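No lab work stands behind these numbers, since they all come straight from the coordinates. Only a predicted model underlies this, so the values are computations on that prediction, with no experimental measurement involved. Virtual Cβ from ideal backbone geometry, glycine too; neighbours counted across all protein chains shown.
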Amino acid sequence: MAETPDRLLAGEVGKPHGLAGEVYVVPISDDPRRFEPGSKLQREDGSPLTVVSTRAQGSRLLVTFAEASDRDGAASIKGRLYVLSDDARSLEEGEFWLHDLVGCMVEGGDGAIGRVEEVVPGAAQDLLRIDTPAGERYVPFVESIIVSVDVEAARIVIDPPEGLLE
């Protein structure tokens, strides 16, 4: 299995909104408290950001950070936002981090298929990049294909539709 990264992706900062330092943020974190006032995040370069305020704007958020009080400051924040792994939420029963899937053996009805080399983010769903004896294969990470995931045993069982692994 893969090592736990030091930090996890929490969101992506877009363009500034207005003159008071607000920025558009596409949240990636599934922790509803991640962008509450007082929350601590990191920029790509590791510099800290502290959330002052957040409000919903469609599927995005409008966020003000203490470190950016005007439009110019907000423009300088553009890029990815991270949370330290130690500050990530606790997982519920049956939940796992995507990085925990890397290195898992993938099995199907006919036995071993291969090993997960990477989880590739996708527009509709993530894909498991699997190293198989027949070469690299991509499997959509969806309920209709993924039968079970056991990260402790490093094992994923799939039921692929005909032709997916050919």
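Taken over the alpha carbons of region 7-87 as equal point scatterers, the Debye sum produces base-10 log I(q)/I(0) values at 0.22 Å⁻¹ of -0.96. Across region 98-158, Cα-Cα pairs farther apart than 14 Å form 50% of the total.
When the dipole is taken about the Cα centre of region 7-87, and only Lys, Arg (+1) and Asp, Glu (-1) are charged at their Cβ, what size is it in debye, to the nearest 20?
Here region 7-87 has a charge dipole of around 200 debye.
What is the dipole size for region 98-158, taken about its Cα centre, with +1 at each Lys and Arg Cβ and -1 at each Asp and Glu Cβ, in debye to the nearest 20?
120 debye
The magnitude of the dipole of the chain, with charges of +1 and -1 set on the Cβ of Lys/Arg and Asp/Glu and taken from the Cα centre, is near 960 debye. Considering only S69, W97, S144, and ranking their Cα positions along the charge dipole of the chain that arises from unit charges at the beta-carbon of Lys, Arg, Asp and Glu, the one farthest toward the positive end is S69.
Between R155 and A124, the FRET efficiency from the beta-carbon distance, with R0 = 25 Å, is close to 0.50.
Using only alpha carbons, the chain has a radius of gyration to Kirkwood radius ratio (Rg to Rh) of 1.08.
For the chain, what does the helix formula give at 222 nm: sum of -39500 (n - 2.57) over DSSP H segments with n ≥ 4, over the residue count, nearest 500 deg cm²/dmol?
Result for the chain, helices only: -500 deg cm²/dmol.
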